[in-house]
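Participant: Attaching a single structure in C-alpha cells format; questions to follow.
The values are calculated or read from the model by the stated rules, or taken from the named source; none is laboratory data. This one's a predicted model, so the numbers in the text were calculated from it and none came from an experiment. Note that we place each Cβ from the backbone using ideal geometry, even for glycine, and neighbour counts take in every protein chain shown. Calculation scope for accessible area: heavy atoms of the full protein, side chains included, ligands and nucleic acids excluded. Shrake-Rupley method; radii C 1.70, N 1.55, O 1.52, S 1.80 Å.
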Amino acid sequence: MASEKQLIARTGGKLPSRTSAGLRVGIGDDAAVVRPKEGVEWVLTTDAFLENVHFLSRVHPPEAVGYKALARATSDLAAMGARPLYFLLSLALPTGCTGKWYDGFLEGMARAARTFGLTLAGGDTTRSTLAAVNLTIIGEIDRGQAVLRSGARPGNLICVSGTLGEAELGLQLLQRRGPKKWKKELLRKHLYPEPRLHLGQWLAKGRATAMIDTSDGLSTDLRHLCESSGVGAKLWAAKIPKVALPSEAQKIGLDPLRLALDGGDDYELLFTLPKRMQRHLPSAVRGVPITVIGEITREKRILLVDEAGRTRTLLARGWEPFRE
C-alpha cells in the first residue's frame with residue numbers, strides 16, 4: 001500500500017508538471033499560481049469519472065481509464081474553441097488501485113496530457129472504496145472568441161465531425177466479451193477518444209455560430225444546443241455519418257442509426273454555421289471529416305427525416321445520469 005506522499009511523488013514523476021512562465025507555482029504547494037496572458041480569456045471546466053458509472057474495472061484497462069478521464073474533460077475545451085493549458089487532478093482510490101493499476105492509469109493520463117498540451121498544476125488524493133477521478137481543466141482563448149451553445153440561428157447548417165456511434169459500439173462489444181476478444185480498432189473510440197481541439201480552434205475563428213461536443217449522444221446534445229439557442233432543428237438520417245458494423249455487431253441486432261443518434265462518448269463536435277459558408281466548407285480539417293447533417297429551424301421542435309422522406313420527432317435518448 002502506497003502512502004499519499006508516495007502517490008503524489010509518482011504522479012508528479014509521470015505526468016507533465018514542470019512550472020513555466022504561465023505556471024508560477026505547481027504541484028507540491030497548497031495551491032497553484034497561474035499568470036494569465038493579456039488579451040485572452042480563461043475557459044474552465046470540470047468533470048467526474050467514476051468507477052461503475054463511467055468505467056468498469058473488470059473490463060477497462062487502467063491505461064484507458066487514465067487517458068479517457070483527461071480526454072473527456074478536455075473535449076469541453078474543444079467545444080468552446082479553447083487551447084488547453086493546465087489541469088487539476090483529484091483522486092479517490094481503493095488501496096488495491098495504488099500499485100500496478102495506478103502506474104497504468106498514470107501512463108494513460110500522461111499520454112493524454114502530452115497529446116493535448118496539458119500540464120498538471122495540482123490536485124488531491126484520498127482513499128475510497130471505489131475509484132473516482134475528478135478533473136478541472138484550464139484553457140485559454142482570444143478575448144470574445146469562445147463559441148457558445150446559444151448562438152444557433154434559423155437557417156444555420158448543422159454539422160458534425162467524424163463518425164458517430166463508434167464509441168457506443170465499442171462499449172457494447174466490450175461488455176459482451178472483454179477487451180481481448182475484439183480488434184483494437186473496434187474499441188479505440190470508446191477507450192481512447194480524441195477531443196477535436198484543432199477543429200474547435202479553427203471553428204472559433206468566426207466560423208461556428210454554436211457548438212457542443214457529442215458526449216451524451218447526438219439526439220441529446222442537439223437538444224441541449226437547440227434549447228440554449230431557442231431554436232429547433234431538422235436532421236437528415238441519410239446524411240449522418242454512421243459507424244460501419246462488423247458482422248458480430250450485426251448478429252446481436254445493433255442499429256447504426258440508433259448508435260449514431262443515442263450513443264454517447266464519441267466526443268465529436270456538433271456545430272452550426274451560416275448557410276453562406278457551405279460552399280467554402282472543407283470536407284475535413286486536419287484529417288477530421290466534416291459532414292452537414294441538417295438545418296436549424298424557427299419552430300422549436302427537433303425532427304428527423306428518414307431515408308424514405310418520412311418525418312418524425314427526434315426524442316433525446318442519449319446519456320442522462322439521473323434517468324431511472
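Participant: So, in the stretch 258-284, of the ones that are touching a helix residue (DSSP H, G or I) at 6+ places or on another chain (Cβ under 6 Å) and open to solvent by 20 Å² or more (accessible area, probe 1.4 Å), which residue ends up farthest from Arg153 (Cα to Cα)?
Facilitator: Asp265
Participant: A follow-up question, please. List the pairs whose first member sits in the stretch 24-45 and is in contact (Cβ under 8 Å) with a residue 24 or more places away in the chain, whose second member is part of a strand (DSSP E or B) and open to solvent by 70 Å² or more (accessible area, probe 1.4 Å), and whose Cβ atoms are under 8 Å apart, counting only residues at least 6 apart or on separate chains?
Facilitator: Listed by first residue and then by second, the contacts come to Val34/Arg24; Pro36/Trp42; Gly39/Asp142; Val40/Asp142; Glu41/Asp142.
Participant: Another question, then. Suppose we keep only residues that are among the aliphatic types (A, V, I, L, M) and assigned to a loop (DSSP other than H, G, I, E, B) within the stretch 228-281. Which one would you say is farthest from Trp182 (Cα to Cα)? First the steps, then the outcome.
Facilitator: Residues of the stretch 228-281 among the aliphatic types (A, V, I, L, M): 231, 233, 235, 237-238, 240, 243-245, 249, 252, 254, 257, 259-261, 269-270, 273, 277, 281.
Filter once more, keeping what is assigned to a loop (DSSP other than H, G, I, E, B): 231, 240, 243-245, 252, 254, 281.
Working: Val231: 42, Ile240: 26, Val243: 16, Ala244: 15, Leu245: 13, Ile252: 15, Leu254: 16, Leu281: 36 Å.
By that ranking, first place goes to Val231.
Participant: Is at least one residue of the stretch 70-85 among the acidic types (Asp, Glu) and touching a residue at least 60 places away in the same chain (Cβ under 8 Å)? Don't jump to the end; show me each part of the working.
Facilitator: Taking the stretch 70-85 and keeping what is among the acidic types (Asp, Glu), we get 76.
Going one step further and asking which of them are touching a residue at least 60 places away in the same chain (Cβ under 8 Å), we end up with 76.
Yes, the stretch 70-85 contains at least one residue that is among the acidic types (Asp, Glu) and touching a residue at least 60 places away in the same chain (Cβ under 8 Å).
Participant: Count, please, the residues in the stretch 227-246 that happen to be in contact (Cβ under 8 Å) with a residue 40 or more places away in the chain and either over 11 Å from Gly294 (Cβ atoms) or open to solvent by 30 Å² or more (accessible area, probe 1.4 Å) (or both).
Facilitator: The total comes to 13.
Participant: How many residues are part of a loop (DSSP other than H, G, I, E, B) and crowded, with 16+ Cβ neighbours inside 10 Å if we restrict to the stretch 146-193? Explain how you work it out, then say what you get.
Facilitator: Looking only at the stretch 146-193, we keep the residues that are part of a loop (DSSP other than H, G, I, E, B), and these are 146-148, 152-156, 162-163, 165, 178, 182-183, 192-193.
From what is left, the residues that are crowded, with 16+ Cβ neighbours inside 10 Å are 146-148, 152, 156, 162-163, 165, 182, 192-193.
The total comes to 11.
Participant: So which pairs qualify, if the first residue must be in the stretch 187-210 and within 16 Å of Gln172 (Cα to Cα), the second must be in a helix (DSSP H, G or I) and of a type in the set (Asp, Glu), the Cβ gap must be under 6 Å, and the two must be at least 6 apart or on different chains?
Facilitator: Lys189/Glu166
Participant: So Gly123 ticks every box in (1) outside any helix (DSSP H, G or I); (2) of a type outside the set (A, V, I, L, M); (3) farther than 23 Å from Gly22 by Cα but one. Which box is left unticked?
Facilitator: (3)
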